[in-house]
Amino acid sequence: MTEEKSLIRTTYRRRALAVGILAVVLLAACSNTPAAQSSSPSASSSAGASASTSRHPLDQVPPAPNFNGNIAGAGATFPNPIYQQWLVDYNKDNPNIKVSYDSIGSGGGVAQITANTVQFGGSDAPMKPAEREAAKAKNGSEVLHIPTVFGAVVPAYNLSSVSAKLQFTPEALGGIFAGKITKWNDQAIASANPGVTLPASDITVVHRSDGSGTTNVFTDYLTKVSPVWKDTLGANSVGKEVAWPVGLGGQGNEGVTATVTQTPGAIGYIELAYAIQNNMPFGKVKNKAGNFVDASLASVTAAANLATIPDDLTFSSTNTDAADGYPITNATWLLVYKEQDKVSDNQSRSEALVHFLMWILEKGEGEAKDLNYASLPDNLLTAARQAVATISWNGKPIVDALYK
């Protein structure tokens, strides 16, 4: 990549994200997206998804189909920066296939794929069994979960008097977001930050107001590591939506980013790319091995290495065992119907959808690091390609149709 191209792409990304945040700030009100909580099935197999029946190689982008039209997606804000870059680059390679993605939150992505109003959804939280059953009952096909990248959720804060990067223990984060720790100079925070002068000012918690996979990732982590958080929230301590004990709500990662930026003393949880692109300070988090780890490409990649892969490709990777892994790391998924003839009357568009997914898992993965996402480890990438190759039209793999 030349220096000029890199500058153009960086400028595009920052402008796109800034526009998203400004739009959220200007909204007079936001309504919550109804969505059920999410669960992550435990790893059950090292083989990953069932092997496909495709006769063609899956580690390359197949020929593009003869399709001229639109493909629509909607969902998670967590991966939106990398998804928007993928759309730009895919369209350059395939100008007749126009793919769009509406960053509305994981709850909205699940709702829209269930309603069959988009060709693919996006979610950072796997669909719950009841959600999967509802989608299949309505549309006649199961929904596949295709992992795309791994990212980090970071505690971003607004403390103008503090220049040092703060360190947070699991106990401190749980106490802050449970509303039990209310001052920045509380001993739970100060003890992890020797030599840092913390203000005696109030902490303003900022959380998501919509059904959010980022919330699911963050609360999944808090539930694993913080008894105070779990005791405060009870049985509903993890999900795309929770009953927050304290704080201000923001729509999407963009909304939380904007609110923290504009509120002195605020802390909120956002995806790493949003913090970096908006020059927001964010803290290190103490992991299971006892190390304070900064969210970075290296620490997210360390946490993304899975020993086993479940057959449905859904899992939780928060609170990693990796000594150098960032503890609030998780994957994000695209939601796609397996039997496309049950949900579409346009075979060519379904072929274009599969082509786009194969492009993501080949060319798109190589771009992930440019926006501080970790690409899929090899075993998960192979399993994801195999899953895409099971997408069919009248029982025949669509990947094979792309080679005709």
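The values are calculated or read from the model by the stated rules, or taken from the named source; none is laboratory data. Please read these numbers as outputs of a predicted model, since none were measured by experiment. Ideal geometry is used to build each Cβ from the backbone, glycine not excepted, and the neighbour counts take in all protein chains shown. When the accessible area is computed, the model is the full protein with side chains, heavy atoms only, and any ligands, DNA or RNA have been set aside. Shrake-Rupley method; radii C 1.70, N 1.55, O 1.52, S 1.80 Å.
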Study note, to complete from the structure: Checked the range 131-181 for anything open to solvent by 30 Å² or more (accessible area, probe 1.4 Å), free of Cβ contacts under 8 Å to residues at least 40 places away in the same chain and over 25 Å from the mean Cα position of the chain (by Cα); matches are Ala137, Lys138, Ser161, Ser163, Ala164
**Study point:** Selection from the range 94-110 of residues that are in contact (Cβ under 8 Å) with a residue 12 or more places away in the chain and open to solvent by 50 Å² or more (accessible area, probe 1.4 Å)
**Key:** Asn96, Lys98, Ser100, Asp102
Exercise for review: Kindly establish whether Gly122 is touching a Ser or Thr at 6+ places or on another chain (Cβ under 9 Å), in contact (Cβ under 8 Å) with a residue 12 or more places away in the chain and open to solvent by less than 10 Å² (accessible area, probe 1.4 Å).
Suggested key: yes
Review point. What do you reckon, is Ser348 assigned to a loop (DSSP other than H, G, I, E, B) and open to solvent by 30 Å² or more (accessible area, probe 1.4 Å)?
Key: no
Point to revise | Total residues in the range 223-269, condition of a type in the set (Asp, Glu) and assigned to a loop (DSSP other than H, G, I, E, B) | key: 1
Revision key, fill the gap. When Asp202 is run through (1) surrounded by fewer than 19 Cβ atoms within 10 Å (Cβ to Cβ); (2) under 26 Å from the mean Cα position of the chain (by Cα), the failure sits at (2)
Review point. Among the residues of the range 314-341 satisfying the criterion of being outside any strand (DSSP E or B) and among the acidic types (Asp, Glu), which is farthest from Val149 (Cα to Cα)?
Key: Asp341
Review point. Pick from Ala295, Ala190, Ala258: which is within 20 Å of the chain's Cα centre (by Cα), hydrophobic (A, V, I, L, M, F, W, C) and farther than 21 Å from Ser316 by Cβ?
Key: Ala258
